[in-house]
Amino acid sequence: MSFSSPATGRTLVGFMAALLCSAVLGASSAGATCGIVCQPLRPPPPPPCGPGADQTSNGPAAVAATICLINNERAARLASQLRPLSANAQLDAGALAHSLDAVARPQSDPHAGSDGSTPPSRFPGWHIVEDMYSGSGPPLDTPRAAVAWWMNSPRHRANILDQQATDIGIGIAPGTPTGATGHIYTVDFGWR
């Protein structure tokens, strides 16, 4: 909510504005009386994530689009004030190695490596949570499809919105565990 007073030209934003609007105009008011205007606060639109968001690729544009889409999801939660995640080369390398391993040697647990590794054991010194996605063919193997799938899964959504995470590593490998055309995405969210 925002509360604007034409008399002072000042605007309050957030909880205090909502409380003031409720007290002055009534909880259901969205209009004005006595020169007071109360209206819902709308966050700025997220930055566009470029054409890579909708393209089938495992190149830098797809990685950048995936980070952008994830950070947009975090930014959309205005009340939680989640900070954007920073790309991390160490996490990127580990995520890519795991995606390539998942294509070459599918496991019953996709987060386990063929060598028995787990997300925390692949990144000593880091606290790690991991999301994976396998999309077969366009449009299911694009960054937008991967992020949409994760956001519709409570466990994966919780990883994306984890308040402790500061860094992100993304590895996108061509192929799927079934041999179908597509891509495997591994995203590692980390903090120290």
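The values are calculated or read from the model by the stated rules, or taken from the named source; none is laboratory data. None of the values given here were measured: they were computed from a predicted structure. Virtual Cβ from ideal backbone geometry, glycine too; neighbours counted across all protein chains shown. These area figures cover heavy atoms from the full protein model, side chains too; ligands, DNA and RNA do not enter into them. Shrake-Rupley method; radii C 1.70, N 1.55, O 1.52, S 1.80 Å.
Conditions: (1) in contact (Cβ under 8 Å) with a residue 40 or more places away in the chain; (2) over 23 Å from Pro51 (Cβ atoms); (3) over 18 Å from the mean Cα position of the chain (by Cα). Ser136 meets all but one. Number of the miss?
In the conditions (1) in contact (Cβ under 8 Å) with a residue 40 or more places away in the chain; (2) over 23 Å from Pro51 (Cβ atoms); (3) over 18 Å from the mean Cα position of the chain (by Cα), Ser136 misses (2) alone.
Within the set of pairs 6+ apart or on separate chains, which have a first residue in region 105-131 that is under 21 Å from Ala180 (Cβ atoms), a second that is surrounded by 13 or more Cβ atoms within 10 Å (Cβ to Cβ) and charged (D, E, K, R), and C-beta atoms under 9 Å apart?
What qualifies is Gln107/Asp101; His111/Glu130; Ser114/Asp101; Asp131/Asp188.
Given the conditions (1) open to solvent by 60 Å² or more (accessible area, probe 1.4 Å); (2) in contact with a helix residue (DSSP H, G or I) (Cβ under 9 Å, 6 or more places away or on another chain); (3) modelled with pLDDT of 95 or more, and given that Arg155 satisfies all but one, which numbered condition is not satisfied?
Arg155 satisfies every listed condition except (2).
Here are the criteria: (1) at pLDDT 95 or above; (2) crowded, with 17+ Cβ neighbours inside 10 Å; (3) under 21 Å from Pro47 (Cβ atoms). Tell me which single one Leu82 does not satisfy.
Looking at each condition in turn, Leu82 falls short on (1).
All but one of (1) among the hydroxyl-bearing types (Ser, Thr, Tyr); (2) closer than 23 Å to Gly190 by Cα; (3) at pLDDT below 95 hold for Thr118; which doesn't?
For Thr118, the failing item is (3).
Looking only at region 158-177, filter to residues that are without any contact (Cβ under 8 Å) to a residue 40 or more places away in the chain and either open to solvent by less than 10 Å² (accessible area, probe 1.4 Å) or not in a loop (DSSP other than H, G, I, E, B) (or both); which one of those is farthest from Gln90 (Cα to Cα)?
Ala158
Is it true that some residue in region 86-109 is within 21 Å of the chain's Cα centre (by Cα), crowded, with 16+ Cβ neighbours inside 10 Å and modelled with pLDDT under 95?
no
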